[in-house]
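Contents: one structure, followed by commentary.
The values are calculated or read from the model by the stated rules, or taken from the named source; none is laboratory data. Computed from a prediction, not measured in an experiment: that's the story for all the values here. Glycine gets a Cβ as well: all are built from the backbone with ideal geometry, and neighbour counts include every protein chain shown. Quick note on the areas: whole protein, heavy atoms, side chains included, nothing else; ligands and nucleic acids left out. Shrake-Rupley method; radii C 1.70, N 1.55, O 1.52, S 1.80 Å.
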Amino acid sequence: MVVSGSAYPGTREGVILVATAPLDGASRRSELADFLRKRREALQPDDVGLPNGGRRRTPGLRREEVAQLAGVGTTWYTWLEQGRDVRASQSVLESLAGALQLTAAEYSHLMLLGRGDEVTPAQPRKETLDPTVARLVENLGPSPACITGRRWDYLAWNLAFSTVFCDPMKYPEGRRNQLWSMFMDPVRRSRSTDWEAGARAQLARFRADNARHLGDPDFDELIEDLREGSEEFRCWWKRHEVARSGTGRKELKHPTLGKLWFEHAVFKLEESPEQRLILYSPLPRANTAAKLAKLLT
């Protein structure tokens with residue numbers, strides 16, 4: 001199945017400016033402030049070799065402690081957390097990353113928010129998919145596969161994917177979306193053996209991608225709808241966790257096939273790097289391949 005070139009509801013077709021410079025700058029500063037605050041609050045003095053000093057009125061490290069660890073001025077760091085219009089150098093951001101003990105994904109996210117060098121330029125609201133890629137996905141047989149776009153909308157998928165995970169065609173137009181499916185589809189949730197871990201990991205990867213589209217009304221609309229519709233999304237979004245896409249394993253509980261095991265990987269398309277092929281390969285465990293082959297014939 002392939003769905004491409006459909007506009008989101010309530011918008012006109014064509015090219016738009018994703019964000020003017022003032023909007024983009026303000027949005028990035030707000031995201032940076034929130035990210036720094038959440039990472040600071042997640043650390044304890046013992047984590048960074050500082051004396052505990054008894055009870056604290058606020059969680060985590062104090063601003064002056066982060067500034068001390070990073071070797072920057074407390075006032076200047078406070079301005080960053082307040083979203084002031086100040087621009088940090090790469091070396092300063094690297095010092096903050098070290099002080100806050102950021103992971104590799106969090107480091108990249110900090111650099112993007114702090115420097116803004118990789119913010120995506122204006123994009124058409126329509127996304128098209130090369131027909132050759134769509135046919136490739138459809139012909140992958142018992143290996144579930146899909147293509148997602150820049151906002152994680154489903155652009156194409158095969159029969160194995162709609163049978164095992166979800167059928168995007170049952171979602172409203174404009175909500176045929178990977179993140180929407182994860183948080184708003186009770187059937188998909190029921191098939192996951194560890195839904196919370198999977199949903200939080202997926203949200204962290206989306207949050208990292210969202211940093212490239214701050215101020216984009218399509219992203220903002222999706223995020224706002226998920227905030228309203230999902231208590232878990234609303235809670236976890238506030239944590240500002242980020243992660244990278246990669247490989248992994250997934251266990252599912254299908255209503256007719258029972259347990260299924262897959263390993264999965266994400267590949268960016270050369271011609272459209274914001275479009276991704278997500279491929280699930282059946283594992284021998286629980287006789288997954290044979291179960292799928294029988295169901296799909």
Just to be sure I understand, how many residues within the stretch 276-287 are touching a strand residue (DSSP E or B) at 6+ places or on another chain (Cβ under 6 Å) and either open to solvent by 100 Å² or more (accessible area, probe 1.4 Å) or more than 16 Å from V164 (Cα to Cα) (or both)? 3
Return yes or no: is T247 within 25 Å of S190 (Cα to Cα), touching a strand residue (DSSP E or B) at 6+ places or on another chain (Cβ under 7 Å) and crowded, with 18+ Cβ neighbours inside 10 Å? no
Given the criteria outside any loop (DSSP other than H, G, I, E, B), farther than 16 Å from P144 by Cβ, in contact (Cβ under 8 Å) with a residue 40 or more places away in the chain and open to solvent by 50 Å² or more (accessible area, probe 1.4 Å), does E271 qualify? no
Boolean, P121 is modelled with pLDDT under 85, of a type outside the set (G, A, S), surrounded by fewer than 18 Cβ atoms within 10 Å (Cβ to Cβ) and out of contact with any His (no Cβ under 7 Å at 6 or more places or on another chain): yes
Is it the case that the stretch 49-59 has a residue that's in a loop (DSSP other than H, G, I, E, B), at pLDDT below 90, open to solvent by less than 70 Å² (accessible area, probe 1.4 Å) and among the aliphatic types (A, V, I, L, M)? yes
Being over 12 Å from the mean Cα position of the chain (by Cα) and among the basic types (K, R): is that true of R191 here? yes
Restricting to the stretch 145-174, give me the number of residues that are in a loop (DSSP other than H, G, I, E, B) and open to solvent by 30 Å² or more (accessible area, probe 1.4 Å). 3
Residue pairs, Cβ under 6 Å, 6 or more apart or interchain, first in the stretch 155-168 and more than 17 Å from F262 (Cα to Cα), second small (G, A, S). List them. L155/S4; L155/G149; A156/A134
Look through the stretch 124-144, keep the residues that are under 20 Å from E173 (Cβ atoms), open to solvent by 50 Å² or more (accessible area, probe 1.4 Å) and assigned to a loop (DSSP other than H, G, I, E, B), and return whichever of them is modelled with the highest pLDDT. T128
By residue number, the members of the stretch 181-206 that are part of a helix (DSSP H, G or I), open to solvent by 40 Å² or more (accessible area, probe 1.4 Å) and over 17 Å from T247 (Cα atoms) are M184, P186, V187, R189, S190, E196
Is it the case that R227 is assigned to a helix (DSSP H, G or I), open to solvent by less than 40 Å² (accessible area, probe 1.4 Å), over 21 Å from T103 (Cβ atoms) and of a type in the set (K, R)? no
Examine the stretch 90-108 for a residue that is more than 16 Å from R39 (Cα to Cα) and open to solvent by 50 Å² or more (accessible area, probe 1.4 Å), and state whether such a residue exists. yes
Whichever residue in the stretch 60-83 is touching an Asp or Glu at 6+ places or on another chain (Cβ under 7 Å) and modelled with pLDDT of 90 or more and, among such residues, is surrounded by the fewest Cβ atoms within 10 Å (Cβ to Cβ): T74
Which of the residues belonging to the stretch 57-114 are within 22 Å of N210 (Cα to Cα) and of a type in the set (V, I, T)? V86, T103
Under 7 Å between Cβ atoms, at least 6 apart or on separate chains: pull out the pairs that start in the stretch 202-221 with a residue that is closer than 18 Å to R115 by Cα and end on any residue that is acidic (D, E) and surrounded by fewer than 19 Cβ atoms within 10 Å (Cβ to Cβ). R212/E118; L214/D24; G215/D24
Quick one: what pairs do we get from the stretch 276-297, first residue in contact (Cβ under 8 Å) with a residue 60 or more places away in the chain, second open to solvent by 30 Å² or more (accessible area, probe 1.4 Å) and small (G, A, S), C-beta under 6 Å, 6+ apart or different chains? P282/A289
Select, from S162, S192, S143, the only residue that is within 17 Å of W236 (Cβ to Cβ) and of a type outside the set (F, W, Y). S192
